[in-house]
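The values are calculated or read from the model by the stated rules, or taken from the named source; none is laboratory data. Just so it is clear, the structure is predicted and the values come from calculations on it, not from any experiment. As a convention, Cβ positions derive from the backbone with ideal geometry for all residues, glycine included, and neighbour counts pool all protein chains shown. Please note that ligands, DNA and RNA were not included when accessible areas were found on the heavy atoms of the full protein model with its side chains. Shrake-Rupley method; radii C 1.70, N 1.55, O 1.52, S 1.80 Å.
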Amino acid sequence: MKRQKTLETNANNSNLFDLLSEEIVFTILDFIDTNPLDRKSFSLVCKSFYITESKHRKNLKPLRQELLPRVLNRYPHVNHLDLSLCPRINDNSLNVIANTCRDSLNSIDLSRSRFFSYNGLMSLALNCKNLVSIDLSNATELRDAAAAAVAEAKNLERLWLGRCKLITDMGIGCIAVGCKKLRLISLKWCIGVSDLGVGLIAVKCKEIRSLDLSYLPITNKCLPSILKLQHLEDIVLEGCFGIDDDSLAALKHGCKSMKALDISSCQHISHVGLSSLIGGAGSLQQLTLSYSCPVTLALANSLKRLSMLQSVKLDGCAVTSAGLTAIGNWCITLSELSLSKCLGVTDEGLSSLVTKHKDLKKLDITCCRKITDVSIAYITNSCTNLTSLRMESCTLVPSEAFVLIGQRCQFLEELDLTDNEIDDEGLKSISRCSKLSSLKLGICLNISDEGLSHVGMKCSKLTELDLYRSAGITDLGILAISRGCPGLEMINMSYCIDITDSSLLSLSKCSRLNTFESRGCPLITSLGLAAIAVGCKQLIKLDIKKCHNIGDAAMLPLAHFSQNLRQITLSYSSVTDVGLLALASISCLQSMTVLHLKGLTPSGLAAALLACGGLTKVKLHLSFKSLLPLPLFEHLEARGCVFEWRDKEFQAELDPKCYKLQWEDIAQ
């Protein structure tokens, strides 16, 4: 009896989670790993939960460089460190990482940092022996010495050097010799690298699977050695103007492993060079020819024997009906086709193509301005399994055609109808697409609350909604969306001039909302935005430009509740020094646009800029440049902040119909 009471006492006083193994608790944590607020709440329950969450966390994305020592001590088992939000990472920071993480670190992203050098990279490479992935993109000041330091990471498998313009063949040679396990390397815009450097990679790094050589000054000299790589699956040659038909002739000798080839913007390649793909790249699945050679009958015939081809992207190419018809006659069945901004796409060619490729899952016909309801009828009749349809600015398609999309393509998850003639009947039909997660209805002047309400009632999985300049939408339509789409993460209702605070109050119930754009909505006030701040604590991006009735009263709740806010546009609002100073307390805030704020003074702006320690980009009116002291700018730039100056005069707003006429004039 006494023992039973003791057991009962222990059971009452103990944490039941202590009875579970660490692996089981880790599995539970995996289910809440997507939301940082949930993880934080878990860790604050008790000391054991705090310790368990520390051990479980493998990925970190710190907001500030100065927080690194404390954060790394808190999470000692980090595998992946994403520093893309920390523009001021320097050699001292990398030394801290190298000495703290050591063998646990597998991957690091430094793609937005530019204050480190050879010394920091050497420390990282020598101490973190298990490092397999480094992203150094945009480190424009790095030279060959830094590349030599990277070469010390002997187990490296993935390396991104995009826009490292000062690295030359010598630095790439060091990497090729030192990092023989490389499977992926990106040299995009490394304009100091030539055939020699690329050739060294091909000779020394035999395990390469993915190679990005975009915009390199290479010629046909290096291609033969590249194409001898036995495991090469993905090669990007976008903008390599030295590549021509003779270069692709090297493919005839074989690159059997190649699955994806991108030769966008290669102006000297024609169907003659592409015909080499047939013999040498028979396993090709993805082909990107955007902004390159015309899509003619000869080009289509040169590719028709690629029996495994699944995806073809021809964006920006001149297209002939004969070429599209020939693609339609291929014996293979494509799953993805992109004809965005292709001149020459007509009903005849497109209808012939889609009739044969009935298994298409993704189709992009953006700005194909010559197609009509005929094409839509063929698309919806043949391609009933579409999951993505992008058809922005197909202005000759009448409203009746959009009904067919909802009737026949009910597996759609993404639909872009920006700048089209869709009306409420079309929206009612499209609401049958119950799997829809992204819907873009910008500049659709014929839709109203009635049509949008159908979407709200039936498309419960919607996460992204764009209503930019769709002036027929009011509070009733937004209310239907907020009630029916609780998982909404992004909404753009800019220039929907009849929207009021009622819409914002209803949207505040969408707790996952992270992007809110309401520029040019003159009827919303600080009250509505305060509701968004309180209800949508995951808010990351906020645009309230030209919302004249929003002022400091909204900034205070934002500062208190929206601690994840990273980007804000306040131009032409009524925010003053007080509101801007309140926002400066948001530690995540990185980008701020403040043009034409009448209540903003030079001293108030200076105080806010100094207080906001995480800023990386600020857009200001040119008039402030002479009103603020030069040492202030030097100090902020040393912290990693970039200033963009604008000299815009105050602009009056256009009527939506006038705006659309201007848009069409530009497009023509």
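Anything in the range 501-510 that is hydroxyl-bearing (Ser, Thr, Tyr) and either closer than 10 Å to PRO522 by Cα or surrounded by 19 or more Cβ atoms within 10 Å (Cβ to Cβ) (or both)? List them, or say none. Walk me through it before giving the result.
Filtering the range 501-510 for residues hydroxyl-bearing (Ser, Thr, Tyr) gives 502-503, 506, 508.
Passing the criteria: SER503, SER506, SER508.
Just one of the listed residues (ASP552, ASP543) is of a type in the set (Asp, Glu) and over 30 Å from the mean Cα position of the chain (by Cα), namely ASP552. As a summary of the residue check, SER214 satisfies the conditions (1) assigned to a loop (DSSP other than H, G, I, E, B); (2) open to solvent by 40 Å² or more (accessible area, probe 1.4 Å); (3) within 27 Å of LYS256 (Cβ to Cβ); (4) modelled with pLDDT of 95 or more except for the one numbered (2).
The listed residues are SER104, SER48, SER41, SER21, and the only one of them that is modelled with pLDDT of 90 or more, out of contact with any Ser or Thr (no Cβ under 8 Å at 6 or more places or on another chain) and surrounded by fewer than 17 Cβ atoms within 10 Å (Cβ to Cβ) turns out to be SER104.
It is to be established whether one or more residues within the range 298-309 are touching a helix residue (DSSP H, G or I) at 6+ places or on another chain (Cβ under 7 Å), part of a loop (DSSP other than H, G, I, E, B), open to solvent by 50 Å² or more (accessible area, probe 1.4 Å) and more than 23 Å from CYS266 (Cβ to Cβ). Checked against the condition, which is being touching a helix residue (DSSP H, G or I) at 6+ places or on another chain (Cβ under 7 Å), part of a loop (DSSP other than H, G, I, E, B), open to solvent by 50 Å² or more (accessible area, probe 1.4 Å) and more than 23 Å from CYS266 (Cβ to Cβ), the range 298-309 yields no hits at all.
Scoring LYS341 on the criteria (1) in a helix (DSSP H, G or I); (2) open to solvent by 30 Å² or more (accessible area, probe 1.4 Å) leaves a single failure, condition (1). There is at least one residue in the range 532-543 that is in a strand (DSSP E or B) and either open to solvent by less than 40 Å² (accessible area, probe 1.4 Å) or free of Cβ contacts under 8 Å to residues at least 24 places away in the same chain (or both).
Only residues that are in a loop (DSSP other than H, G, I, E, B) and within 21 Å of HIS77 (Cα to Cα) were counted in the range 93-137, giving 8.
Restricting the range 217-250 to residues that are open to solvent by 50 Å² or more (accessible area, probe 1.4 Å) and not in a loop (DSSP other than H, G, I, E, B), the residue that is farthest from LEU166 (Cα to Cα) is ASP246.
Restricting attention to the range 464-513, the residues being within 18 Å of ASP543 (Cβ to Cβ), part of a loop (DSSP other than H, G, I, E, B) and touching a strand residue (DSSP E or B) at 6+ places or on another chain (Cβ under 9 Å) number 8. Would you confirm whether or not the range 251-265 contains a residue that is in a loop (DSSP other than H, G, I, E, B), more than 27 Å from ILE175 (Cβ to Cβ), open to solvent by 20 Å² or more (accessible area, probe 1.4 Å) and touching a residue at least 12 places away in the same chain (Cβ under 8 Å)? Taking every residue of the range 251-265 in turn, none turns out to be in a loop (DSSP other than H, G, I, E, B), more than 27 Å from ILE175 (Cβ to Cβ), open to solvent by 20 Å² or more (accessible area, probe 1.4 Å) and touching a residue at least 12 places away in the same chain (Cβ under 8 Å). Residues that are at pLDDT below 95, closer than 27 Å to SER264 by Cα and within 23 Å of the chain's Cα centre (by Cα): does the range 218-225 have at least one? No; the residues of the range 218-225 include none that is at pLDDT below 95, closer than 27 Å to SER264 by Cα and within 23 Å of the chain's Cα centre (by Cα). If you go through the range 439-455 and keep only what is open to solvent by less than 10 Å² (accessible area, probe 1.4 Å) and within 15 Å of ASN492 (Cα to Cα), you end up with LEU439, LEU441, GLY442, ILE443, CYS444, LEU452.
Of all residues in the range 171-202, count the ones that are part of a loop (DSSP other than H, G, I, E, B), closer than 20 Å to PRO224 by Cα and either at pLDDT below 95 or of a type in the set (A, V, I, L, M, F, W, C) (or both).
Pass one, the range 171-202, residues part of a loop (DSSP other than H, G, I, E, B): 179-183, 187-194.
Imposing the further condition that a residue be closer than 20 Å to PRO224 by Cα reduces the set to 180, 182-183, 187-188, 193-194.
Checking the rest, the ones that are also either at pLDDT below 95 or of a type in the set (A, V, I, L, M, F, W, C) (or both) come to 182, 187, 193.
Residues that pass the stated criteria total 3.
If you go through the range 472-500 and keep only what is over 21 Å from SER429 (Cα atoms) and open to solvent by 10 Å² or more (accessible area, probe 1.4 Å), you end up with ASP475, PRO486, GLY487, GLU489, MET490, ASN492, TYR495, ILE497, ASP498, THR500. Reported count of residues in the range 391-414, each being open to solvent by less than 40 Å² (accessible area, probe 1.4 Å), part of a helix (DSSP H, G or I) and more than 19 Å from LYS361 (Cβ to Cβ), is 4.
Determine which member of the set LEU85, LEU166, LEU72 is part of a loop (DSSP other than H, G, I, E, B), at pLDDT below 95 and more than 23 Å from SER225 (Cα to Cα).
Details: LEU166 fails: at pLDDT below 95; LEU72 fails: part of a loop (DSSP other than H, G, I, E, B).
Exactly one of LEU85, LEU166, LEU72 is part of a loop (DSSP other than H, G, I, E, B), at pLDDT below 95 and more than 23 Å from SER225 (Cα to Cα), namely LEU85.
Screening LYS204 against (1) open to solvent by 10 Å² or more (accessible area, probe 1.4 Å); (2) over 24 Å from ASN138 (Cα atoms); (3) within 31 Å of the chain's Cα centre (by Cα) leaves a single unmet condition, (3). Annotation note: of GLU450, GLU414, GLU400, the sole residue that is out of contact with any helix residue (DSSP H, G or I) (no Cβ under 8 Å at 6 or more places or on another chain) and either at pLDDT 95 or above or within 19 Å of GLY477 (Cβ to Cβ) (or both) is GLU414.
All told, ILE185 meets the bar of being within 24 Å of ASN130 (Cβ to Cβ), in contact (Cβ under 8 Å) with a residue 24 or more places away in the chain and open to solvent by less than 10 Å² (accessible area, probe 1.4 Å). Being touching a strand residue (DSSP E or B) at 6+ places or on another chain (Cβ under 9 Å) and modelled with pLDDT of 90 or more is the filter; apply it to the range 259-283 and report the residue that is farthest from LEU216 (Cα to Cα). Top of the filtered list is LYS259.
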